[in-house]
Amino acid sequence: MNTTSLENRTRYVNSAFNLVPEDSNWIITNSFIIFTMQTGFGMLESGCVSLKNEVNIMMKNVVDIVLGGLTYWIFGFGMSIGRDEPKNPFIGISGYLIDPSVEDELMGPICAAFIFQLSFATTSTTIVSGAMAERCNFKAYCLFSSLNTIVYCIPAGWVWGDHGFLKSMGAVDIAGSGTVHLVGGVSALACAMMLGPRLGRYDNGIDPLPMGCPVNAIMGLFVLWWGWLAFNSGSTYGISGRKWTYAARAAVSTMMGSVGGGLVGLGFSLTNPKGIDILSQINGILGALVSVTGIFWEHVRKLSNLISVSF
(Lines give C-alpha, C1' and ligand atoms only; values in the text may rest on other atoms or scores of the structure.)
Protein backbone atom coordinates (compact mmCIF):
# COMPACT_ATOMS: atom_id res chain seq x y z
CA MET A 1 0.00 0.00 0.00
CA ASN A 2 1.41 3.33 -1.07
CA THR A 3 1.24 6.10 1.48
CA THR A 4 1.69 9.77 0.87
CA SER A 5 3.32 11.86 3.52
CA LEU A 6 1.71 15.22 3.93
CA GLU A 7 3.73 18.17 5.11
CA ASN A 8 1.84 20.47 7.40
CA ARG A 9 2.70 24.04 6.78
CA THR A 10 1.57 26.90 8.95
CA ARG A 11 1.07 30.18 7.13
CA TYR A 12 1.67 33.38 9.03
CA VAL A 13 -1.34 35.69 8.91
CA ASN A 14 -0.95 39.29 10.00
CA SER A 15 -3.44 40.25 12.71
CA ALA A 16 -4.62 43.15 10.52
CA PHE A 17 -5.98 40.58 8.06
CA ASN A 18 -7.93 38.64 10.66
CA LEU A 19 -11.30 39.79 9.32
CA VAL A 20 -14.63 38.13 8.75
CA PRO A 21 -16.85 39.48 5.93
CA GLU A 22 -18.92 41.59 8.33
CA ASP A 23 -15.80 43.25 9.73
CA SER A 24 -14.42 43.92 6.25
CA ASN A 25 -17.68 45.52 5.18
CA TRP A 26 -17.67 47.72 8.28
CA ILE A 27 -14.14 49.06 7.88
CA ILE A 28 -14.43 49.55 4.11
CA THR A 29 -17.63 51.59 4.56
CA ASN A 30 -16.04 53.70 7.27
CA SER A 31 -12.93 54.17 5.14
CA PHE A 32 -15.06 55.85 2.46
CA ILE A 33 -16.54 58.17 5.07
CA ILE A 34 -13.13 58.98 6.55
CA PHE A 35 -11.93 60.02 3.09
CA THR A 36 -14.63 62.71 3.05
CA MET A 37 -12.67 64.38 5.86
CA GLN A 38 -10.33 65.60 3.11
CA THR A 39 -13.27 67.63 1.82
CA GLY A 40 -13.89 68.96 5.32
CA PHE A 41 -10.28 69.98 5.86
CA GLY A 42 -10.14 71.62 2.44
CA MET A 43 -13.33 73.65 3.01
CA LEU A 44 -12.35 74.61 6.55
CA GLU A 45 -8.87 75.74 5.59
CA SER A 46 -9.95 77.53 2.40
CA GLY A 47 -12.61 79.38 4.37
CA CYS A 48 -10.06 80.64 6.87
CA VAL A 49 -7.43 81.94 4.42
CA SER A 50 -7.59 84.98 2.17
CA LEU A 51 -9.53 84.64 -1.06
CA LYS A 52 -6.41 84.65 -3.23
CA ASN A 53 -5.15 81.46 -1.53
CA GLU A 54 -8.34 79.38 -1.64
CA VAL A 55 -7.35 77.35 -4.69
CA ASN A 56 -3.84 76.79 -3.33
CA ILE A 57 -5.08 75.28 -0.07
CA MET A 58 -7.65 73.09 -1.84
CA MET A 59 -4.98 71.74 -4.20
CA LYS A 60 -2.79 70.88 -1.22
CA ASN A 61 -5.58 68.67 0.10
CA VAL A 62 -5.83 67.02 -3.31
CA VAL A 63 -2.14 66.11 -3.43
CA ASP A 64 -2.37 64.72 0.11
CA ILE A 65 -4.38 61.87 -1.38
CA VAL A 66 -2.73 61.67 -4.81
CA LEU A 67 0.92 61.75 -3.72
CA GLY A 68 0.45 60.56 -0.15
CA GLY A 69 -1.71 57.67 -1.35
CA LEU A 70 0.87 56.68 -3.96
CA THR A 71 3.78 56.61 -1.54
CA TYR A 72 1.70 54.78 1.08
CA TRP A 73 0.97 52.07 -1.50
CA ILE A 74 4.61 51.89 -2.58
CA PHE A 75 6.19 51.59 0.86
CA GLY A 76 3.99 53.07 3.61
CA PHE A 77 1.70 50.10 4.17
CA GLY A 78 4.64 47.71 4.19
CA MET A 79 6.57 49.82 6.68
CA SER A 80 3.64 50.25 9.07
CA ILE A 81 1.69 46.98 8.81
CA GLY A 82 3.61 44.60 6.57
CA ARG A 83 2.50 41.20 5.38
CA ASP A 84 5.12 38.61 6.24
CA GLU A 85 6.22 37.55 9.69
CA PRO A 86 7.92 40.46 11.52
CA LYS A 87 11.70 40.58 11.48
CA ASN A 88 12.40 43.57 13.72
CA PRO A 89 10.43 45.70 16.21
CA PHE A 90 10.91 49.08 14.48
CA ILE A 91 9.81 48.82 10.87
CA GLY A 92 7.95 46.47 8.56
CA ILE A 93 9.94 45.04 5.66
CA SER A 94 7.23 43.37 3.57
CA GLY A 95 4.04 44.26 1.78
CA TYR A 96 5.53 46.98 -0.43
CA LEU A 97 3.60 47.65 -3.65
CA ILE A 98 0.79 45.62 -2.12
CA ASP A 99 -1.17 43.75 -4.81
CA PRO A 100 -2.61 40.41 -3.63
CA SER A 101 -3.56 37.90 -6.27
CA VAL A 102 -7.25 37.18 -6.89
CA GLU A 103 -6.48 33.55 -6.01
CA ASP A 104 -5.12 34.59 -2.63
CA GLU A 105 -7.62 33.73 0.11
CA LEU A 106 -6.46 36.83 1.98
CA MET A 107 -7.09 39.20 -0.94
CA GLY A 108 -10.26 40.65 0.61
CA PRO A 109 -8.88 41.23 4.13
CA ILE A 110 -5.62 42.66 2.76
CA CYS A 111 -7.43 45.15 0.51
CA ALA A 112 -9.84 46.10 3.31
CA ALA A 113 -6.97 46.67 5.76
CA PHE A 114 -5.04 48.68 3.18
CA ILE A 115 -7.87 51.07 2.30
CA PHE A 116 -8.64 51.60 6.00
CA GLN A 117 -5.04 52.35 6.92
CA LEU A 118 -4.66 54.56 3.84
CA SER A 119 -7.54 56.75 5.00
CA PHE A 120 -5.74 57.27 8.32
CA ALA A 121 -2.42 58.06 6.63
CA THR A 122 -3.85 60.74 4.33
CA THR A 123 -5.72 62.30 7.24
CA SER A 124 -2.50 62.61 9.23
CA THR A 125 -0.84 64.42 6.32
CA THR A 126 -3.69 66.82 5.63
CA ILE A 127 -3.55 68.06 9.24
CA VAL A 128 -0.28 69.75 8.32
CA SER A 129 -1.63 71.68 5.32
CA GLY A 130 -3.50 74.11 7.57
CA ALA A 131 -0.34 74.95 9.51
CA MET A 132 1.47 75.72 6.24
CA ALA A 133 -1.37 77.78 4.76
CA GLU A 134 -0.46 80.92 2.81
CA ARG A 135 3.30 80.57 3.29
CA CYS A 136 4.45 77.44 1.47
CA ASN A 137 5.26 77.00 -2.20
CA PHE A 138 2.93 74.50 -3.83
CA LYS A 139 5.75 72.49 -5.42
CA ALA A 140 7.52 72.30 -2.07
CA TYR A 141 4.31 71.06 -0.45
CA CYS A 142 4.04 68.32 -3.08
CA LEU A 143 7.46 67.08 -1.99
CA PHE A 144 6.45 67.26 1.66
CA SER A 145 3.20 65.36 1.03
CA SER A 146 5.16 62.55 -0.60
CA LEU A 147 7.74 62.25 2.17
CA ASN A 148 5.40 62.73 5.13
CA THR A 149 4.22 59.16 4.61
CA ILE A 150 7.49 58.04 6.22
CA VAL A 151 6.95 60.38 9.16
CA TYR A 152 3.54 58.83 9.76
CA CYS A 153 3.88 55.15 8.90
CA ILE A 154 6.91 54.30 11.04
CA PRO A 155 5.37 55.33 14.42
CA ALA A 156 2.03 53.93 13.23
CA GLY A 157 3.75 50.58 12.83
CA TRP A 158 5.11 50.77 16.36
CA VAL A 159 1.56 50.77 17.71
CA TRP A 160 -0.48 48.90 15.08
CA GLY A 161 1.93 46.58 13.28
CA ASP A 162 2.59 43.07 14.51
CA HIS A 163 6.27 44.03 14.61
CA GLY A 164 5.68 47.15 16.73
CA PHE A 165 7.62 47.32 19.96
CA LEU A 166 5.03 49.63 21.55
CA LYS A 167 2.27 47.16 20.70
CA SER A 168 4.24 44.35 22.32
CA MET A 169 4.53 46.51 25.44
CA GLY A 170 0.74 46.83 25.65
CA ALA A 171 0.25 50.23 23.98
CA VAL A 172 -3.28 50.75 22.61
CA ASP A 173 -4.19 53.49 20.14
CA ILE A 174 -7.19 52.29 18.22
CA ALA A 175 -8.59 55.54 16.84
CA GLY A 176 -5.29 57.27 16.08
CA SER A 177 -5.14 59.78 18.93
CA GLY A 178 -1.36 59.39 18.91
CA THR A 179 -0.43 57.94 15.55
CA VAL A 180 -2.66 60.28 13.52
CA HIS A 181 -3.37 63.39 15.57
CA LEU A 182 -0.17 63.58 17.61
CA VAL A 183 2.12 62.75 14.70
CA GLY A 184 0.22 65.12 12.42
CA GLY A 185 0.16 67.85 15.05
CA VAL A 186 3.88 67.61 15.78
CA SER A 187 4.63 67.68 12.04
CA ALA A 188 2.41 70.76 11.71
CA LEU A 189 4.21 72.47 14.61
CA ALA A 190 7.61 71.73 13.11
CA CYS A 191 6.56 73.07 9.71
CA ALA A 192 5.04 76.22 11.21
CA MET A 193 8.21 76.91 13.20
CA MET A 194 10.37 76.46 10.11
CA LEU A 195 8.20 78.61 7.84
CA GLY A 196 7.53 81.36 10.37
CA PRO A 197 4.49 83.68 10.50
CA ARG A 198 2.47 84.82 7.51
CA LEU A 199 4.17 88.08 6.52
CA GLY A 200 1.93 91.12 6.66
CA ARG A 201 -0.99 89.34 8.29
CA TYR A 202 -0.67 91.17 11.62
CA ASP A 203 0.90 94.43 10.46
CA ASN A 204 -2.13 96.40 11.62
CA GLY A 205 -2.41 94.85 15.07
CA ILE A 206 -3.01 91.50 16.70
CA ASP A 207 -6.47 90.91 15.22
CA PRO A 208 -6.45 88.34 12.40
CA LEU A 209 -7.60 89.22 8.92
CA PRO A 210 -11.23 88.55 8.02
CA MET A 211 -11.97 84.97 7.00
CA GLY A 212 -12.07 84.44 3.26
CA CYS A 213 -15.36 82.53 3.36
CA PRO A 214 -16.92 81.79 6.76
CA VAL A 215 -19.64 79.65 5.16
CA ASN A 216 -17.00 77.34 3.67
CA ALA A 217 -15.31 77.03 7.05
CA ILE A 218 -18.56 76.05 8.79
CA MET A 219 -19.46 73.59 6.02
CA GLY A 220 -16.02 72.06 6.44
CA LEU A 221 -16.73 71.67 10.15
CA PHE A 222 -19.89 69.69 9.42
CA VAL A 223 -18.07 67.39 7.00
CA LEU A 224 -15.31 66.77 9.55
CA TRP A 225 -17.94 66.13 12.22
CA TRP A 226 -19.48 63.47 9.99
CA GLY A 227 -16.11 61.92 9.19
CA TRP A 228 -15.08 61.83 12.85
CA LEU A 229 -17.98 59.58 13.74
CA ALA A 230 -16.65 57.04 11.23
CA PHE A 231 -13.10 57.65 12.42
CA ASN A 232 -13.92 56.59 15.96
CA SER A 233 -16.70 54.06 15.38
CA GLY A 234 -14.86 52.39 12.51
CA SER A 235 -11.78 51.97 14.66
CA THR A 236 -13.35 49.04 16.46
CA TYR A 237 -12.06 47.33 13.29
CA GLY A 238 -15.26 45.36 12.88
CA ILE A 239 -18.68 44.62 14.30
CA SER A 240 -18.44 40.88 14.94
CA GLY A 241 -18.62 39.53 18.45
CA ARG A 242 -18.99 42.42 20.89
CA LYS A 243 -17.23 44.93 18.67
CA TRP A 244 -20.51 46.44 17.52
CA THR A 245 -21.33 47.44 21.10
CA TYR A 246 -18.13 49.46 21.33
CA ALA A 247 -18.79 50.98 17.91
CA ALA A 248 -22.13 52.24 19.22
CA ARG A 249 -20.47 53.51 22.40
CA ALA A 250 -17.83 55.30 20.32
CA ALA A 251 -20.51 57.07 18.28
CA VAL A 252 -22.30 58.31 21.40
CA SER A 253 -19.06 59.39 23.11
CA THR A 254 -17.92 61.21 19.98
CA MET A 255 -21.20 63.06 19.56
CA MET A 256 -21.62 64.07 23.21
CA GLY A 257 -17.98 65.10 23.52
CA SER A 258 -18.32 67.37 20.50
CA VAL A 259 -21.51 68.82 21.94
CA GLY A 260 -19.60 69.74 25.10
CA GLY A 261 -16.84 71.39 23.10
CA GLY A 262 -19.42 73.19 21.01
CA LEU A 263 -21.00 74.66 24.14
CA VAL A 264 -17.65 76.03 25.28
CA GLY A 265 -17.04 77.52 21.85
CA LEU A 266 -20.52 78.99 21.85
CA GLY A 267 -19.83 80.63 25.19
CA PHE A 268 -16.74 82.36 23.81
CA SER A 269 -18.66 83.37 20.71
CA LEU A 270 -21.58 84.90 22.60
CA THR A 271 -19.32 86.88 24.93
CA ASN A 272 -17.20 88.29 22.12
CA PRO A 273 -17.77 92.08 22.10
CA LYS A 274 -17.04 92.26 18.36
CA GLY A 275 -19.80 89.86 17.36
CA ILE A 276 -20.08 86.17 16.59
CA ASP A 277 -16.68 84.46 16.86
CA ILE A 278 -16.87 81.74 14.24
CA LEU A 279 -13.40 80.34 14.87
CA SER A 280 -14.09 79.88 18.58
CA GLN A 281 -17.16 77.83 17.71
CA ILE A 282 -15.31 75.74 15.15
CA ASN A 283 -12.23 75.18 17.30
CA GLY A 284 -14.32 74.25 20.33
CA ILE A 285 -15.98 71.41 18.45
CA LEU A 286 -12.85 70.22 16.67
CA GLY A 287 -10.82 70.35 19.88
CA ALA A 288 -13.41 68.20 21.62
CA LEU A 289 -13.42 65.70 18.76
CA VAL A 290 -9.65 65.30 18.99
CA SER A 291 -9.82 64.95 22.78
CA VAL A 292 -12.59 62.36 22.86
CA THR A 293 -10.63 60.20 20.42
CA GLY A 294 -8.02 59.55 23.11
CA ILE A 295 -10.31 59.44 26.14
CA PHE A 296 -12.74 56.85 24.83
CA TRP A 297 -10.07 54.40 23.82
CA GLU A 298 -8.48 54.49 27.26
CA HIS A 299 -11.80 53.00 28.39
CA VAL A 300 -11.54 50.35 25.68
CA ARG A 301 -8.02 49.46 26.82
CA LYS A 302 -9.28 48.72 30.33
CA LEU A 303 -11.97 46.44 28.92
CA SER A 304 -9.78 44.84 26.27
CA ASN A 305 -10.06 41.47 27.99
CA LEU A 306 -13.75 41.42 27.03
CA ILE A 307 -13.32 42.14 23.34
CA SER A 308 -10.88 41.03 20.72
CA VAL A 309 -9.81 44.00 18.66
CA SER A 310 -7.23 43.18 16.00
CA PHE A 311 -5.04 45.74 14.32
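The values are calculated or read from the model by the stated rules, or taken from the named source; none is laboratory data. Bear in mind that the values here come from a model prediction, so they are computed numbers and not experimental data. Glycine gets a Cβ as well: all are built from the backbone with ideal geometry, and neighbour counts include every protein chain shown. These area figures cover heavy atoms from the full protein model, side chains too; ligands, DNA and RNA do not enter into them. Shrake-Rupley method; radii C 1.70, N 1.55, O 1.52, S 1.80 Å.
For the reader, a short list of remarks on this structure follows.
- Protein-only accessible surface at a 1.4 angstrom probe places the residues LEU106, LEU143 in the order LEU143, LEU106, largest first.
- Taking VAL215, VAL102, VAL128 in turn, the Gaussian network model of the chain (Cα-Cα springs below 10 Å) assigns the largest fluctuation to VAL102.
- Potential extension, ARG242-LEU51 segment - 0.36 nm per residue separation minus Cα distance: 63.9 nm
- Comparing ALA121, ALA175, ALA188 in a Gaussian network model of the chain where C-alpha atoms under 10 Å apart are linked, the largest mean-square fluctuation is found at ALA188.
- Projected over every direction and averaged, the convex hull enclosing the alpha-carbon atoms of the chain yields 19.2 nm².
- Percent of alpha-carbon pairs separated by more than 11 Å within region 226-269: 64
- Inter-site label distance for THR29 and MET219 at 7 Å from Cα along Cβ, in nm: 2.7
- Note on the chain: helix-only mean residue ellipticity at 222 nm, from DSSP H runs of 4+ residues weighted -39500 (n - 2.57) and normalised by residue number, equals -20000 deg cm²/dmol.
- Charge context of THR29, other residues only, Cβ under 13 angstrom, K/R +1, D/E -1: -2
- In this structure, the amide hydrogen of GLY82, modeled 1.01 Å from its nitrogen in the peptide plane, lies closer than 5 angstrom to no residue at least 5 positions away or on a different chain.
- Inter-centroid distance (Cα atoms) of region 129-150 relative to region 8-84, Å: 17
- The simple spin-label model puts a point 7 Å past each Cα toward its Cβ; for TRP226 and LEU147 those points are separated by 3.6 nm.
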